[in-house]
Amino acid sequence: MIAQTLKWVGGVEGFLELIDQRRLPRDFVKLQCRNIKQLDEAIKTLAVRGAPAIGVSAAYGLVLGMQTTAGHPQAAIEAATNKQKLEWGLTVLANSSEYLASSRPTAVNLFWALDRVRRTAEHFVASEPEAKLQALGEVVLAEANAIYQEDVDMCRRIGENGKKFITDGSGILTHCNAGALATAGQGTALSVIFEAHKKGRKFTVYVDETRPLLQGARLTAWELKQAGIDAILICDNMAGWLMKQGHISAVITGADRIAANGDAANKIGTYSLSILAKEHNIPFYIAAPSSTFDLSIKDGSQIPIEERAAEEVTTFAKTQIAPDGINVCNPAFDVTDAANITAIITEKGVIEDPDADSIAKHLRS
């Protein structure tokens, strides 16, 4: 079974339903977001997470934003012309987009999805200036649905493009969660694993626990178990030793933002794995959609890194594990140098030895 982490329920007055990933693996609970404040909280607290899933959720968030009356009294709304209402709608979209954009700073898919929906809405208003506000809401929902379906298709193609890197008897190390729970489809890094499994290949997946929030232990291990794939959970600090012992054949992770030169931001700990893989002559693959590339950023030094709350490090399962007042460093992501990446797997194909030229050519294809 592959989980459906999010779905829109109903029409333009509907709501977004999410798997509450804060509750996994103990409890499988659905969360209903009926306004953008609820969605913003869900993104910030990691009820929904993973760059593609955040992007799709944000697109639907603009549908939620369109359900408001933009602060205008009912009498003013009834007296307004269609053109005025459309202008109010675009203002709502702009404000909702700005609000949701502040939820997570690193995942570029968030900004990409918000910008795409807004541009589509602006184009509609420009071409249909006397349309009803309801029609604008339907356009926004249709674009969000298109982003959702494209993500589902993208995940499958990433898996198909990358499955050749997994052979019988191999040991695959993955970090954090880049599965169905991180996307609208079957994942990015885990999609490669799922597609290889569908081909009947026999292999083992080593799952890094991924401190401090244990997305590997709580989410990836859960997904792989649900799919019937052989998986072994390990502590983050075991990876190097397992590589030296010959248990790891390849590392496959996702990414939240990839710079123009191929430097890739992913969950904290990924950079360390790339160094270990290089030392042990083990291929290191990134699996991510083309929407994850940010060509406005020259290299990884320009990628903003989210700093999260100290309590994520000083507590474990709500139990304090560090002394009061201790200073804490808690970056959510790190950046892996392109030189350490064997290939980037996208829905368009595979970029071997990624650099600025090969990436630009790939994205133009």
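The values are calculated or read from the model by the stated rules, or taken from the named source; none is laboratory data. The structure displayed is predicted, hence computed values, not measured ones. All Cβ positions, even for glycine, are placed from backbone atoms using ideal geometry, and neighbour counts span all protein chains on display.
Of note:
- If you go through the range 189-202 and pick out every residue that is in contact with a strand residue (DSSP E or B) (Cβ under 6 Å, 6 or more places away or on another chain) and of a type outside the set (Val, Ile, Thr), you end up with 2.
- Lone qualifier among Thr106, Thr81, Thr120 - being within 24 Å of Arg257 (Cβ to Cβ), at pLDDT below 90 and not assigned by TED's automatic domain parsing to the domain that holds Ser290: Thr106
- Failed item in (1) under 30 Å from Glu352 (Cα atoms); (2) at pLDDT below 95; (3) polar (S, T, N, Q), with Ser127 passing the rest: (1)
- Beta carbons closer than 6 Å, at least 6 apart along the sequence or on distinct chains, never pair a first residue in the range 44-59 that is not assigned by TED's automatic domain parsing to the domain that holds Tyr99 with a second that is crowded, with 24+ Cβ neighbours inside 10 Å.
- Exclusive hit being over 24 Å from Phe28 (Cα atoms) and basic (Lys, Arg), set Arg201, Arg218: Arg201
- Given (1) closer than 18 Å to Tyr206 by Cβ; (2) surrounded by fewer than 22 Cβ atoms within 10 Å (Cβ to Cβ), index of the condition Asn161 fails: (1)
- The one condition from (1) surrounded by fewer than 24 Cβ atoms within 10 Å (Cβ to Cβ); (2) more than 18 Å from Ala217 (Cβ to Cβ); (3) under 24 Å from the mean Cα position of the chain (by Cα) that Ser272 does not meet is (2).
- Positions within the range 164-180 being hydroxyl-bearing (Ser, Thr, Tyr) and under 13 Å from Val205 (Cβ atoms), in sequence order: Ser170, Thr174
- Near pairs, Cβ below 9 angstrom, 6+ apart or cross-chain, from the range 155-171 (under 11 Å from Lys199 (Cα atoms)) to any residue that is aromatic (Phe, Trp, Tyr) and assigned to a helix (DSSP H, G or I): Lys163/Phe194
- Residues in the range 275-288 that are without any contact (Cβ under 8 Å) to a residue 40 or more places away in the chain and part of a helix (DSSP H, G or I) were compared, and the one that is farthest from the chain's Cα centre (by Cα) is Glu279.
- Counting residues in the range 337-350 that are assigned to a helix (DSSP H, G or I), surrounded by 13 or more Cβ atoms within 10 Å (Cβ to Cβ) and aliphatic (A, V, I, L, M) gives one or more.
- Within the range 20-61, the set of residues being touching a helix residue (DSSP H, G or I) at 6+ places or on another chain (Cβ under 7 Å) and of a type in the set (S, T, N, Q) comprises Gln21, Asn35, Ser57.
- Any chance Val313 is touching an Asp or Glu at 6+ places or on another chain (Cβ under 6 Å), in the same structural domain as Thr167 (by TED's automatic domain parsing) and either over 16 Å from Ala189 (Cβ atoms) or part of a loop (DSSP other than H, G, I, E, B) (or both): no
- You will find that of Ser301, Ser291, the residue that is surrounded by fewer than 17 Cβ atoms within 10 Å (Cβ to Cβ) and either in contact (Cβ under 8 Å) with a residue 12 or more places away in the chain or not in a helix (DSSP H, G or I) (or both) is Ser301 and no other.
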